[in-house]
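Everything below concerns the one structure shown next.
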Amino acid sequence: MPRRIRGPFPRLANLPAIDVNTASELDVLERCDLVNECLAEAGCCCNGHHDGQQRDPYFGADISEIVSRCTPHEVEVHAADGKFVTRTLHIELGTLLAEVDQYDEVCAWIYETR
């Protein structure tokens, strides 16, 4: 069965940016919780859900990484000339999509960066 896309999630659109380095822990946790709520509302399940062996039922590791990467950070990207260059990017949380399999288990995260 082909994979499907869940999202975009309207509640994640136009959120004010937070910097995980300076925001309160509560603000960061609330942002993570909001992402988790959106995934649950869309029926997204974690890997292993179908077999009853969930690895991370609340997507804690994935969501915290995604929210952390919403803060501008440096990454090395492959440039057209074949060299690597450093760019400062951040995830646009409002563009987040989840690719799910036939059991609605998330297989991949898709998002835009700026």
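Every number in this text was worked out from the coordinates using simple rules, so none of it is lab data. Because the structure is predicted, anything quoted here is derived from the model rather than measured. Counting neighbours? That spans all protein chains shown, and the Cβs are built from the backbone with ideal geometry, glycine included.
Observations on the model:
- With helices as the sole contributors, the chain gives -7000 deg cm²/dmol at 222 nm; each DSSP H run of n ≥ 4 counts as -39500 (n - 2.57), and the sum is divided by every residue.
- Given their separation in residues at 0.36 nm each and the Cα-Cα distance between them, residue 40 and residue 92 gain 16.7 nm when the chain is fully extended.
- A simple rule links phi to the HN-Hα coupling: the Karplus curve 6.51 cos²θ - 1.76 cosθ + 1.60 with θ = phi - 60°, which for the range 25-41 gives 4, 4, 4, 5, 5, 5, 5, 4, 5, 4, 4, 4, 4, 4, 5, 5, 4 Hz, with x for Gly and Pro.
- Kirkwood hydrodynamic radius of the range 4-113, Cα pairs, Å: 15.0 Å
- Per-residue Karplus couplings for the range 2-19, computed as 6.51 cos²θ - 1.76 cosθ + 1.60 with θ equal to phi - 60°, are listed in order as x, 6, 10, 10, 10, x, x, 9, x, 5, 8, 6, 6, 6, x, 5, 10, 9 Hz, Gly and Pro entered as x.
- Paramagnetic reach from residue 78 in the range 95-114 [backbone N under 20 Å; point 7 Å along Cα→Cβ]: 109-114
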